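This report concerns only the one structure given below.
The values are calculated or read from the model by the stated rules, or taken from the named source; none is laboratory data. Just so it is clear, the model here is predicted, and its values are computed rather than measured. Positions of Cβ are generated from backbone atoms using ideal geometry, with glycine treated the same way; all protein chains shown enter the neighbour counts.
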Amino acid sequence: MRLRIVTPLSVVVQDDDVLALRAEDASGSFGILPRHADFLTCLMISVVSWQRGDATRRYCAVRRGVLSITGGHDVTIATREAVAGDDLVQLDATVLARFRTDADLERVERVESTRLQLSAIRQIMRHLRPGRQGL
């Protein structure tokens with residue numbers, strides 16, 4: 001199989017000798033073998049692993065993304081951020097922890113932004129209330 005892991009700025013992984021691949025979506029971990037049916041799923045923050053023809057294992061931490069399989073042999077992962085590496089423990093300990101922390105910070109920022117927008121709407125509604133003098 002052919003595997004490509006791409007971000008908006010680069011191709012992080014391009015491997016034409018993949019025998020098997022493991023990834024994780026909302027339903028859990030799953031495996032892909034050659035001649036898999038066409039497939040599309042959204043990945044979680046996780047480590048994608050694959051076995052090459054020479055029996056080596058490779059890994060890539062992804063910050064969510066979309067995995068697609070076409071023609072039973074072309075696997076493409078489009079993700080916001082990816083870090084490839086040969087050490088699963090290091091990727092799991094450092095990179096995934098950073099991805100999760102970043103996702104938590106984004107969630108907090110989104111909540112704060114929504115609060116500010118709602119506060120501004122309330123202020124506008126107070127000033128536009130019917131019967132208000134001076135408008």
Practice problem: Under 6 Å between Cβ atoms, at least 6 apart or on separate chains: pull out the pairs that start in segment 87-104 with a residue that is in contact (Cβ under 8 Å) with a residue 24 or more places away in the chain and surrounded by 11 or more Cβ atoms within 10 Å (Cβ to Cβ) and end on any residue that is part of a helix (DSSP H, G or I) and of a type in the set (Ser, Thr, Tyr). | Solution: none
Exercise. Select from segment 18-38 the residues that are not hydroxyl-bearing (Ser, Thr, Tyr) and not in a strand (DSSP E or B) and write down the one among them that is surrounded by the most Cβ atoms within 10 Å (Cβ to Cβ).
Key: 36
Quiz item: Just a yes or no: is a residue in segment 54-65 in contact with an Asp or Glu (Cβ under 6 Å, 6 or more places away or on another chain) and either β-branched (Val, Ile, Thr) or in contact (Cβ under 8 Å) with a residue 60 or more places away in the chain (or both)?
Solution: no
Exercise. For residue 112, indicate whether it is closer than 30 Å to residue 50 by Cα and not β-branched (Val, Ile, Thr).
Key: no
Quiz item: Between residues in segment 1-16 that are more than 14 Å from residue 58 (Cα to Cα) and part of a loop (DSSP other than H, G, I, E, B) and residues that are of a type in the set (Lys, Arg) and modelled with pLDDT under 95, which pairs lie under 7 Å by C-beta distance while being six or more apart or on different chains?
Solution: 7/80
